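No value in this document is a laboratory result; all are computed from the given coordinates. Quick caveat: nothing in here was measured; it's all calculated off a predicted structure. Cβ placement follows ideal geometry from the backbone for every residue including glycine, while neighbour counts extend to all protein chains displayed.
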Amino acid sequence: MPRGKKRQQESDVLELPEKKGVKDVTKKRKAIIKSNSSENKGCYLEGKWKNELGSTAEFACKDGQINGKYMTAVGKASGYYKLTGSYTLSGPNNDVIVASWVVTFNNSVYGNSESSCTWNGIFYPDEGVLYTQWILVRYAERKDLWQSSRIGHDEFKKLSD
């Protein structure tokens, strides 16, 4: 190899196992891997995502941390809200992401919605779906505390990088 040229190391390329007869999934997996910046290798969450209700999340990843913004399509809230969280790589090939983030619904557009929501999820690159469970907590009088929390799930699909 000529001097001065950097050789790509095997550790710089993440190879995922091929599944027999699943060419479209393999193409999607390779596209997701290719879309990662070298600085955030392995954070396939980077970019814009949409769930089944039309809410969107935009993630930026660095050193195991997630920052971004969230726009809900449901409830008494409007505009973008700051999100923050963390992620870790898991699985036998270190290509599965376990992540969690929080959004407090208080912004300059709608003001204080008196609620906060956390999402915890897992992303499998061969499916391209971020499966999450969420807990939404909203203000309630102490006598109504029993009805202050809601629990559900969302499936986010990537829109863009």
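Under 5 Å between amide hydrogens, built in the peptide plane, is the criterion, and for K69 it picks out E58, L83 among residues at least 5 positions away or on other chains. What shape does segment 44-125 have by the C-alpha gyration tensor, where a ≥ b ≥ c are the square roots of the eigenvalues, rounded means a/c under 1.5, and otherwise prolate means a/b greater than b/c and oblate the rest? It comes out prolate by the Cα gyration axes.
Using Cα centres only, tell me the gap between segment 60-117 and segment 121-140 in whole Å. Using only Cα atoms, the two centres lie 10 Å from each other. Ordering 92-104, 146-158 by mean Cβ neighbour count within 10 Å, with the highest value first, yields 92-104, 146-158. Protection proxy ranking of 136-142, 77-83, by the mean of other Cβ atoms within 10 Å over each peptide's residues and highest first, is 77-83, 136-142.
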